[in-house]
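Asker: Please see the structure below; I have some questions.
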Amino acid sequence: MPSTGSKALVGIGALVTNDPTVGTGPLGILRDAAVVVTDGLIEWIGPGDQCGDADDRIDLAGRAMIPGFVDSHAHLLFAGDRSEEFAARMAGRGYEAGGIRSTVAATRAASDDELRAGLNRLAGELLASGVTTFETKSGYGLTVADEERTLRLAAEATEETTYLGAHVVPEEFADDPDAYVALVTGEMLAACAPHARWIDVFCDRGAFDADQAREILRAGMDRGLTPRVHANQLQHGDGIRVAVESQAASADHCTHTTDDDLELLAGSTTVATLLPGAEFSTRSPYPDARRMIDAGVTVALATDCNPGSSFTTSMPFCIAVAVREMRMTPDEALWAATAGGAAALRRDDIGMLSPGKRADLVSLDAPSHVHLAYRPGVNIIDRVWRSSASPRVTS
Ligand code: NIG
Ligand code: FE
């Protein structure tokens, strides 16, 4: 007997569940499927002709359906515009971490309402592109008050909030970076930890070195935050090693990697989160996803939405680029943008469709998920259902 308020989604041509016990192949694909949703959770999944009654019935008319995308890496709390910097890059200039400081100045000058409006606009774009869970970071305030308020605003929109006081050393500390690390690990962390689930550090050229990164992550862990690391984006360095040593949930970017890095990742619980929007918008070489997957590394895809290196909210765009430029198969890219993102956020209630999971669902104006890469630049998102149930966040 279906419960009150149940909804049956029927006529699904091809349903990606990401659960190989529910359907065929690694994506667990079910053809001619139906899903019954009750109280925001999946109650039943199976062949359409076995679907019972529900209070509401929606016919997908043969469309494909996938789990909602999980965007595990974004920077949505900022003000200002860097389109001129992008234009200069496209005319030949390189990308440097220092560009972050211009967004810091604009963010500090913005009111809470301006920052909230910007966040809500981008959150709306994410939802329209099929993202049903997103993470977002601080990192454009870099004072105690501005980091605290950006995280407080972030927490109004998502439970996946990350303290990134260690984005770059702000101008006023340029002569004394150690004093800034002391602030990040001291007073700023104390103010921010109540609003954050994660701690992140940009461990790269022009930002923080490995020792500083270790110290920052350790301080965050002591306050109950779980690490994630911006690693190996601008050059090869120790970021991935630091992430794995710290048992970080994720090492993000991983643009420059050696076989040793891949071995470290493959032997760890750290997910490699690849951000093709950043390589696209900085005209950089793409990470070698093929080599990573073949080495046994768990890979996630995320937007990295931010005003400097990747101003996109489109997961379908990231999937298309990952398939075309990073030699991921369409199946691997879809998995990475859903179940991979969930793994990078250590969530078992999202990224997969089976009874008891959140009913975060996206229907496509296409007969299969392959069209996400096959039809680049075309909006094939039909409808997005975001679960009304409370997220299950454990750490
Ligand atoms: O993930 N790498 C560091 N942070 C952002 C870029 C921030 C910016 O340029 O404003 C990133 O790409
Ligand atoms: Fe980032």
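Taken together, the values in this text are just the output of simple stated rules run on the coordinates, not laboratory data. Just so you know, these numbers come straight off a predicted model, no measurement behind them. Neighbour counts run over all protein chains shown; Cβ positions are idealised from the backbone, glycine included.
Asker: Count the net charge of all other residues whose Cβ sits under 9 Å from the Cβ of residue 362, scoring Lys and Arg as +1 and Asp and Glu as -1.
Answerer: Summing Lys/Arg as +1 and Asp/Glu as -1 gives -1.
Asker: Same structure again: Below 13 angstrom from the Cβ of residue 262, what's the summed charge of the other residues (Lys, Arg +1; Asp, Glu -1)? If you can, show how the numbers build up before the last one.
Answerer: Details: positive: 241, 290, 291; negative: 259, 260, 261, 263, 288, 294.
So the environment of residue 262 carries a net charge of -3.
Asker: Still on this structure: Summing Lys, Arg as +1 and Asp, Glu as -1, what charge do residues with Cβ under 12 Å from the Cβ of residue 131 carry, residue 131 excluded?
Answerer: The answer is -4.
Asker: Between residue 61 and residue 112, what FRET efficiency comes out of the Förster formula 1/(1 + (r/R0)^6) with R0 = 45 Å and r the beta carbon distance, rounded to 0.05? Don't skip to the answer; put the middle values down first.
Answerer: On the way: r = 44 Å, r/R0 = 0.98.
Given R0 = 45 Å and the Cβ-Cβ separation, E is 0.55.
Asker: Mind pulling the angle between the C-alpha long axis of helix 210-222 and the longest principal axis of the chain? Nearest 10 degrees, somewhere in 0 to 90.
Answerer: 60 degrees
Asker: P(r) of the chain in 10 Å steps, Cα pairs, percent per bin?
Answerer: Final binned percentages: 5, 24, 33, 24, 11, 3, 0.
Asker: For a Förster distance of 35 Å, can you work out the FRET efficiency between the beta-carbons of residue 143 and residue 210, rounded to the nearest 0.05?
Answerer: 0.90
Asker: Further question: Report the FRET efficiency, 1/(1 + (r/R0)^6), for residue 331 and residue 159, where r is their Cβ-Cβ distance and R0 is 30 Å, rounded to 0.05.
Answerer: Efficiency computed from Cβ-Cβ geometry: 0.55.
Asker: For 329, 150, 162, 257, what's the fewest-to-most ordering of other Cβ within 10 Å of each Cβ?
Answerer: Fewest-to-most Cβ neighbours within 10 Å comes out as 329, 257, 162, 150.
Asker: Would you kindly derive the ³J(HN,Hα) couplings of region 250-256 from the backbone phi angles with the Karplus curve 6.51 cos²θ - 1.76 cosθ + 1.60 (θ = phi - 60°), listing them in order in whole Hz, with x for Gly and Pro?
Answerer: For region 250-256, the Karplus curve yields 7, 10, 10, 5, 6, 6, 10 Hz.
Asker: Now for a different question. Among 208, 311, 173, which one shows the highest mean-square fluctuation when the chain is modelled as a Gaussian network with alpha-carbon springs under 10 Å?
Answerer: Of 208, 311, 173, the Gaussian network model singles out 173 as fluctuating most.
Asker: Report the Cα-based extents of region 1-89 along its three principal axes, largest first, to the nearest Å.
Answerer: Largest to smallest, the principal-axis extents are 59, 32, 23 Å.
Asker: Another question, then. So how far, in whole Å, is the C-alpha centre of region 282-306 from the one of region 87-120?
Answerer: 24 Å
Asker: What whole number of Å gives the distance from the Cα centroid of region 380-395 to the Cα centroid of region 319-345?
Answerer: So the two Cα centres are separated by 19 Å.
Asker: Pick from 271, 378, 370: which residue has the top mean-square fluctuation in a GNM of the chain where Cα pairs under 10 Å get a spring?
Answerer: Of 271, 378, 370, the Gaussian network model singles out 378 as fluctuating most.
Asker: Based only on other Cβ atoms within 10 Å, what is the fewest-to-most ordering of 195, 369?
Answerer: Numbers: 195 19, 369 27.
Final ranking by Cβ density, sparse to dense: 195, 369.
Asker: Then there is this: Using the count of nearby Cβ atoms within 10 Å as a rough guide to exposure, how do 49, 209, 200 rank from fewest to most?
Answerer: Numbers: 49 8, 209 15, 200 30.
So the ranking, lowest neighbour count to highest, is 49, 209, 200.
Asker: What nm value, rounded to one decimal, do you get for the distance between residue 375 and residue 31 when each label is placed 7 Å out toward the C-beta?
Answerer: Going from the residue 375 label point to the residue 31 one covers 2.0 nm.
Asker: Report, in degrees rounded to the nearest 10, the 0 to 90 angle that the Cα long axis of helix 112-128 makes with the longest principal axis of the chain.
Answerer: The two axes meet at around 40 degrees.
Asker: Same structure again: For residue 271, what residues show an amide H to amide H distance below 5 Å, using hydrogens built from the backbone and excluding near sequence neighbours?
Answerer: Excluding prolines and chain starts, which carry no amide H, the hits are 250, 251.
Asker: To test your reading of the geometry: what angle, between 0 and 90 degrees and rounded to tens, separates the Cα axis of helix 144-157 from the longest principal axis of the chain?
Answerer: Relative to the chain, helix 144-157 is tipped by roughly 0 degrees.
Asker: Okay, next question. In region 51-95, if every C-alpha pair distance is counted and binned at 10 Å from zero, what percent goes to each bin?
Answerer: 16, 21, 21, 17, 15, 9, 0
Asker: Name the residues of region 42-83 whose amide N is less than 18 Å from a point 7 angstrom out from the Cα of residue 388 along the C-beta direction?
Answerer: Counting only backbone N, you get 42-44, 54-58.
Asker: Moving on. Suppose only helical runs count, i.e. DSSP H with n ≥ 4. What mean residue ellipticity at 222 nm does that imply for the chain under -39500 (n - 2.57) per run, divided by all residues and rounded to the nearest 500 deg cm²/dmol?
Answerer: -9000 deg cm²/dmol
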